[in-house]
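J.: The structure is given below, and queries will be raised subsequently.
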């Protein structure tokens, strides 16, 4: 039977011990601690009492007991916090989506830390240990990273299969767009090229990234091009490769106006790919302009369809768009007039033209644009009995979802700027960001909260790290989950 005893020590303190009687002798089972004040002694006796109550009756008395049930504040040291809860949640989501099948723990932890605190790959390894208590060797990264590049196709297939099961994705409708990612350098190479930058970084080399998402905005595939590639030249090879890979029969791609050209349309039709793209009405013929203006479209919600060499052109009118277009046009005309009045400041503007060495207003273009104020155009090859005007317009307007995906990628995941200088690390960076985007977008779609809100709520659930000086061991204590995070986990169908 275990008992508590208090004995004097050589240093004139008092030691609290747990003892038992065996072989006609009193034996020490556990030395709990020493103290001088009566208050400290009483605290140690309380700890000893708690230990005795929690020891199994069949525990061998010569084994090492554990007593972390009751902590002494004076015998404990706070050494920091872990955000293990966030890692556990993302780990469950990774398994739910199926990305755990790639069987690369370090790669998946790099995806997780990309969502939590974006950083360089080597710094991320340190952050994984700092925030989650998980240790990875740098050499493991150096040895494994080159092999990870082969996982792009497998990870995309996993994501497509998940989209089929959870977002009813059946390849009938896909949204396509491109963006640019710049580098913190001014030196070009075969992949990193100067080009038209969507980040206003035209002096810095960049790459072009094409992304495909479902109608909900869930990302399923991506491709990388050199930075000087014209975005209109990307859609055909990307879409054809996707169709071939997944053996798709019925397919409609939705893209913005930059993707359309007569040659692109010919190739889309030749490959039996349906399309819905934005139309740049400023480039239409005078004959088609006459048909549009004769249709008296100036009524909210009204639309009309025309047969053209690019398929069908659908035009719709909005009074809100009219006011916006008119405001923008008047600003551009004022800038053009300033240039005409001050030739020394001459530069090319939309509503100016040159007449010899003289700069003057392009009145013909101004008149054309006035007639098109408030009118938006869409090209498609889908006949009206398959998709009416309202359906075409509605599907095109869903393109904002891919813009949301790019915004998450660039802002929350800090995909750019890129600090890598070789092609393989760049491609690996994009693979990690793609998988992080898949997880982030699924969270947003299921919870109706931004990834930033989700992250902020998860960060509130911390594990306090406490060093127990009595046992010389570290323990963790997790704070209680809030109602908000419990609701989020419920929407994600996670078990907590």
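J.: Inspect all residues belonging to the stretch 361-370 and state whether any of them is within 41 Å of the chain's Cα centre (by Cα) and surrounded by 15 or more Cβ atoms within 10 Å (Cβ to Cβ). Explain how you work it out, then say what you get.
T.: First pass over the stretch 361-370, keeping only residues within 41 Å of the chain's Cα centre (by Cα): 369-370.
Pick out the ones that are also surrounded by 15 or more Cβ atoms within 10 Å (Cβ to Cβ) and you get 369.
There is at least one residue in the stretch 361-370 that is within 41 Å of the chain's Cα centre (by Cα) and surrounded by 15 or more Cβ atoms within 10 Å (Cβ to Cβ).
J.: Only one of these conditions is not met by residue 239: (1) modelled with pLDDT under 80; (2) under 17 Å from residue 276 (Cα atoms). Which number is it?
T.: Result: residue 239 passes all but (1).
J.: Would you check which residues across the stretch 330-357 are part of a strand (DSSP E or B) and surrounded by 10 or more Cβ atoms within 10 Å (Cβ to Cβ) and list them? Talk me through it step by step, then tell me what you get.
T.: So in the stretch 330-357, the residues part of a strand (DSSP E or B) come out as 352-355.
Selection gives 352, 353, 354.
J.: Return the total of residues in the stretch 123-141 being closer than 11 Å to residue 106 by Cα and either part of a helix (DSSP H, G or I) or in contact (Cβ under 8 Å) with a residue 60 or more places away in the chain (or both). I'd like the intermediate steps shown before the answer.
T.: Residues of the stretch 123-141 closer than 11 Å to residue 106 by Cα: 124-125, 128, 134-138, 140-141.
Filter once more, so that each one left must be either part of a helix (DSSP H, G or I) or in contact (Cβ under 8 Å) with a residue 60 or more places away in the chain (or both): 124-125, 128, 138, 140-141.
Residues in the stretch 123-141 being closer than 11 Å to residue 106 by Cα and either part of a helix (DSSP H, G or I) or in contact (Cβ under 8 Å) with a residue 60 or more places away in the chain (or both): 6 in total.
J.: Working only within the stretch 473-496, note down all residues that are in a loop (DSSP other than H, G, I, E, B) and exposed (fewer than 12 other Cβ atoms within 10 Å of the Cβ). Let's see the steps before the verdict.
T.: Of the residues in the stretch 473-496, the ones in a loop (DSSP other than H, G, I, E, B) are 479-482, 492-496.
480, 493, 495 - these are the residues of the stretch 473-496 that are in a loop (DSSP other than H, G, I, E, B) and exposed (fewer than 12 other Cβ atoms within 10 Å of the Cβ).
J.: Among (1) surrounded by 14 or more Cβ atoms within 10 Å (Cβ to Cβ); (2) touching a helix residue (DSSP H, G or I) at 6+ places or on another chain (Cβ under 8 Å); (3) modelled with pLDDT under 85; (4) part of a loop (DSSP other than H, G, I, E, B), there is one condition residue 197 misses while meeting the rest; what is its number?
T.: Among (1) surrounded by 14 or more Cβ atoms within 10 Å (Cβ to Cβ); (2) touching a helix residue (DSSP H, G or I) at 6+ places or on another chain (Cβ under 8 Å); (3) modelled with pLDDT under 85; (4) part of a loop (DSSP other than H, G, I, E, B), the lone unmet condition for residue 197 is (2).
J.: Now for a different question. Just for the stretch 319-329: of the residues that are surrounded by 15 or more Cβ atoms within 10 Å (Cβ to Cβ) and in contact with a helix residue (DSSP H, G or I) (Cβ under 9 Å, 6 or more places away or on another chain), which one is nearest to residue 394 (Cα to Cα)?
T.: Per the criteria, the residue is 325.
J.: Which numbered condition trips up residue 239, out of (1) surrounded by fewer than 19 Cβ atoms within 10 Å (Cβ to Cβ); (2) on the phi < 0 side of the Ramachandran plot?
T.: Single failed check for residue 239: (1).
J.: In the stretch 278-329, how many residues are in a helix (DSSP H, G or I) and under 38 Å from the mean Cα position of the chain (by Cα)? Quick ask: steps written out before the conclusion?
T.: To start, the set of residues in the stretch 278-329 that are in a helix (DSSP H, G or I) comprises 281-283, 286-294, 319-329.
Checking the rest, the ones that are also under 38 Å from the mean Cα position of the chain (by Cα) come to 281-283, 319-329.
Residues in the stretch 278-329 being in a helix (DSSP H, G or I) and under 38 Å from the mean Cα position of the chain (by Cα): 14 in total.
J.: Please state which of the following conditions residue 405 fails to meet, knowing it meets all the rest: (1) in contact with a strand residue (DSSP E or B) (Cβ under 9 Å, 6 or more places away or on another chain); (2) surrounded by fewer than 17 Cβ atoms within 10 Å (Cβ to Cβ); (3) modelled with pLDDT under 85.
T.: (2)
J.: Report yes if some residue within the stretch 454-464 is surrounded by fewer than 20 Cβ atoms within 10 Å (Cβ to Cβ), in contact (Cβ under 8 Å) with a residue 24 or more places away in the chain, in the same structural domain as residue 119 (by TED's automatic domain parsing) and assigned to a helix (DSSP H, G or I); otherwise report no.
T.: Yes, the stretch 454-464 contains a residue that is surrounded by fewer than 20 Cβ atoms within 10 Å (Cβ to Cβ), in contact (Cβ under 8 Å) with a residue 24 or more places away in the chain, in the same structural domain as residue 119 (by TED's automatic domain parsing) and assigned to a helix (DSSP H, G or I).
J.: Would you confirm, using the coordinates I've provided, whether residue 389 is more than 23 Å from residue 276 (Cβ to Cβ), touching a residue at least 12 places away in the same chain (Cβ under 8 Å) and surrounded by 18 or more Cβ atoms within 10 Å (Cβ to Cβ)?
T.: Numbers: more than 23 Å from residue 276 (Cβ to Cβ): no; touching a residue at least 12 places away in the same chain (Cβ under 8 Å): yes; surrounded by 18 or more Cβ atoms within 10 Å (Cβ to Cβ): yes.
Answer is no for this residue.
J.: Run down 252, 214, 293 and say which single residue is modelled with pLDDT of 85 or more, under 20 Å from residue 376 (Cβ atoms) and assigned by TED's automatic domain parsing to the domain that holds residue 163. Reasoning before the result, please.
T.: Working: 214 fails: under 20 Å from residue 376 (Cβ atoms); 293 fails: assigned by TED's automatic domain parsing to the domain that holds residue 163.
None of the others qualify; the one that does is 252.
The rows are residues; the columns are (1) modelled with pLDDT under 85; (2) under 30 Å from residue 445 (Cα atoms).
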site	(1), (2)
8	no, no
20	yes, no
99	no, yes
107	no, yes
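J.: Can you tell me which residues in the stretch 412-436 are touching a helix residue (DSSP H, G or I) at 6+ places or on another chain (Cβ under 9 Å), in a helix (DSSP H, G or I) and at pLDDT below 90?
T.: 412, 424, 425, 427, 428, 429, 430, 433
J.: Tell me, which strands (runs of 3 or more DSSP E) wholly within the stretch 3-48 include 1 or more residues that are free of Cβ contacts under 8 Å to residues at least 40 places away in the same chain and closer than 19 Å to residue 472 by Cβ? Show your work before the answer.
T.: Working: elements: 3-8, 14-22, 25-35.
Fully inside the stretch 3-48 and qualifying: 14-22, 25-35.
The values are calculated or read from the model by the stated rules, or taken from the named source; none is laboratory data. Worth saying up front: this structure is predicted, and the values here are computed from it rather than measured. Heads up, the Cβs are rebuilt from the backbone with ideal geometry, glycines too, and the neighbour counts pull from every protein chain shown.
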